[in-house]
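J.: Take this structure, written in structure tokens, and hold onto it; I'll ask about it next.
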Amino acid sequence: MAETLLEQIHTPEDVRLLPEDALPRLATEIRERMIDVVSRTGGHLAPSLGTVELTIALCRVFNFPTDKVIWDVGHQSYAWKMLTGRNQEMDTLRQFGGVRGFPFPAESSFDATVGGHAGVALSTALGMAAARDARNGTEAILAVVGDASLTNGISLEALNAIRHTTERMILVINDNGMSISQNVGAFARMFARRIAGIRYNRIRAAAELAGHKLRLTGLKSLYRAFKRAVKPLLLRHRSAIFEDLGLRYIGPIDGHDIPALCGALRAAAEGHVPVALHIATVKGKGYAPAERDPSKWHGVAPWSKHTSAQGKAQAPESWSDAVGAILCELAAEDPRIVAVTAAMRDGTGLGDFFRKFPKRAYDVGICEAHALAFAAGLAAEGLRPFVAIYSTFAQRAVDCMMHDICLPHLPVTLCLDRAGVVGADGPTHHGLYDIAMFRALPNLTFYAPATRAGLKQAMREALTGNDAVIIRYPRGPICEQLPESLPIPETLKTPCLLALGDTATWAAPIATELGLPYIAIERIKPLPECLNNLKGRPLITLENAAIQAGFGSAVAETHDAPVLILGWDDHFVPQGSEQELRTWGALDQASLLTKIRQFIQEQRA
């Protein structure tokens, strides 16, 4: 069987050697390969489908890895991985030991930075450009930033700094009108007018072509007059914000027109001023179901590519679903309740809340720090905000939790979704560090429910007190009921196993096999009163979090007997299934049994 064009591509140099008329075929093959792989591995399909032509154009124009491109965020980068030597390994995408779902320098020299979180690419690219300028380098530095990421606070800080930092950098704005949910805010409205801009460019090109065919004289003056008359009507001064910041604005360009993209990228590279190149793309391009519903196909589990059925209809209730359902129940009773999320209304289970209580729901975009400071303002005026954010993304909002919520003692509830390991998204997305980052803050109650009943109780209690509240919970199906524990024996030499939150399901079979009592702990701060009854007894703590400054550390700080702390050690956790990662981290059942048996023997010696 003859090789496809894609199979002949091993580096961007191979893309440059292809004739131009072969590029549409290459784009088609990339999409077919992408759909085939992601249907089996799961992954971020719609974002990467939208950047195929852009990736080809980048490889045609620039000399990677000498030139550098930083993807914001990296879920746009599957085509990039295919064209930079990893196509044959794409079948291992997001699998344990396989190709990562985001750019990662340890995986390839073509990946300039880690690309798992939104909003940072522009700052990183600006730093690289400044370093290049300091050593009189000549390489091009590009940041490909989704229009939703551009509204992130870090991106705006970088935009403010570009012109007085460097004269040569290219910002490619990938404008598809989406983050994970539909984009919101003034920037979204500004970019939503892009169709008019593409129409203007097409009209101008048609006028130029007609002029050449008719051999009209005075073309330059004609074009200038056309531009003065028509451009303001269609573009509505979209470029002004970038030009006021000192960037030359080019666009909007059809992001699926490879020759146009190549021309615009070459023009951007030849200038001596920072450039904002605005391209319009279709999220999910080339796969009809993803084009119709890009939010649903943003990140997907394996599915049947023949039927387009994702197979989630019979899935059990997840922790995220339960948070949304309980919040709707509580909001029907309490008009003070409002919900806030950061471009993740469906991912955090708040879709129904937004539909049922639209005037009490706020999606602030990819702006986690703003979300918490905004919630502080809501709480200061008597409302009870519940802010739902993935644990890994809430990391950038620690200061707002301290300064704006805990210090003024405001009753904001932060729901930390995807706490613990999350599987195939890997180290950029595991929610392992929230306990260590937040538990030292005063005026804070910190819950980690083990069951649906515990979750509902925590959410109700958040409404009765005046403390800030954090509720952390994992990805996946919610636990309805835990197995009963053995009674705690009178002898103080018998250890007790304390399982935090979702690890109670890990602990129950281990406790049964070893004949130990276990307690499902559902509050991290303040520690539950039941621990006062365990004084003098060896304890074993288990948590789906980093053990440094975590729950076990909190117990050990006040306990008067030995404590064995079990959780994730001091290293970043790779991608893989939960069971693979637990085995890798020596937190699988066999490893835990070995460690606990050794601890028991030590206490009896």
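No lab work stands behind these numbers, since they all come straight from the coordinates. Keep in mind it's a predicted model, so treat the numbers as computed, not measured. Note that each Cβ is placed from the backbone with ideal geometry, even for glycine, and that neighbours are counted across all protein chains shown.
J.: What span do the alpha-carbon atoms of the range 496-604 cover on each of the three principal axes, reported in whole Å from largest to smallest?
T.: 39, 29, 21
J.: With label points built 7 Å along Cα→Cβ from the Cα atoms of F572 and E13, find their separation and express it in nm.
T.: Placing both labels 7 Å beyond Cα along the Cβ direction yields 2.9 nm.
J.: Still on this structure, please answer the following. Rounded to the nearest 20 debye, what is the charge dipole size of the chain about its Cα centre when +1 sits on each Lys and Arg Cβ and -1 on each Asp and Glu Cβ?
T.: My answer is approximately 2280 debye.
J.: Continuing with the same structure: Cα to Cα, under 13 Å, and not fewer than 8 places away if on the same chain: which aspartates and glutamates meet these conditions relative to K68?
T.: Hits, sequence-local ones excluded: D111, E139.
J.: How big is the antiparallel share of DSSP beta bridges in the chain, given as a percent to the nearest 5? Intermediate values should be presented prior to the final figure.
T.: On the way: 7 of 62 bridges.
So the antiparallel bridges in the chain amount to around 10 percent.
J.: Still on this structure: What translational diffusion coefficient, to the nearest whole µm²/s, does the chain have by Stokes-Einstein, given a Kirkwood radius computed over alpha-carbon pairs, a temperature of 20 °C and 1.002 mPa s viscosity?
T.: It comes out at roughly 82 µm²/s.
J.: Report for the range 396-490 the percent antiparallel among DSSP-assigned beta bridges with both residues inside it, nearest 5.
T.: So the antiparallel bridges amount to about 10 percent of the total.
J.: Next up: How far apart, in nanometres, would the label points at N532 and R292 be if each is projected 7 angstrom from Cα along the Cα-to-Cβ direction?
T.: Here the answer is 6.1 nm between the modelled labels.
J.: If you don't mind, another one. Can you report the principal axis dimensions of the range 1-69 using only the alpha carbons, biggest first, rounded to whole angstrom?
T.: 32, 32, 18
J.: Can you give me the long-range amide H partners of G146? Hydrogens built in the peptide plane at 1.01 Å from N, cutoff under 5 Å, separation of 5 or more residues or another chain.
T.: Result for G146 returns D72, V73, N174.
J.: Once you order the gyration tensor axes a ≥ b ≥ c over the Cα atoms, which shape class does the range 107-175 get: rounded for a/c under 1.5, otherwise prolate or oblate by comparing a/b with b/c?
T.: Because a/c hits 1.5 or more and a/b fails to exceed b/c, the range 107-175 counts as oblate.
J.: Over the Cα atoms, compute the radius of gyration (one decimal) and Dmax (the largest Cα-Cα distance, rounded to a whole number) for the range 319-472, in Å.
T.: 13.9, 41
J.: Please state the shape class of the range 343-413: rounded when a/c is under 1.5, otherwise prolate if a/b exceeds b/c and oblate if not, all from the C-alpha gyration tensor.
T.: Verdict is oblate for the range 343-413.
J.: Report the calculated FRET efficiency for S109 and T307 (r = Cβ-Cβ distance, R0 = 56 Å), to the nearest 0.05.
T.: Working from the Cβ atoms, E equals 0.90.
J.: Using 23 Å as the Cα-Cα cut-off, could you pick out the over-long pairs in K296/K456; K493/K525; K81/K305; K456/K535; K285/K356?
T.: Numbers: K296/K456 27 Å; K493/K525 27 Å; K81/K305 21 Å; K456/K535 30 Å; K285/K356 31 Å.
Violating the 23 Å limit, Cα to Cα: K296/K456; K493/K525; K456/K535; K285/K356.
J.: Subtracting the Cα-Cα distance from 0.36 nm times the residue separation, let me have the gained length for A556 to N466 in nm, one decimal.
T.: 29.6 nm
J.: Amide H neighbours of G420 under 5 Å, counting only residues 5+ apart in sequence or on other chains, H built in-plane at 1.01 Å?
T.: G431, L432
J.: Separate question: Based on a Kirkwood Rh over C-alpha pairs, give the Stokes-Einstein translational diffusion coefficient of the range 25-149 at 4 °C and viscosity 1.567 mPa s in µm²/s.
T.: This corresponds to a translational diffusion coefficient of 88 µm²/s.
J.: Order the peptides 335-345, 385-395 from the highest to the lowest mean number of other Cβ atoms within 10 Å of their residues.
T.: Put in order of decreasing packing, that is 385-395, 335-345.
J.: Could I ask something else about it? Counting only residues 5 or more places away or on other chains, whose amide H sits under 5 Å from the amide H of K285 once H atoms are built in the peptide plane?
T.: G50
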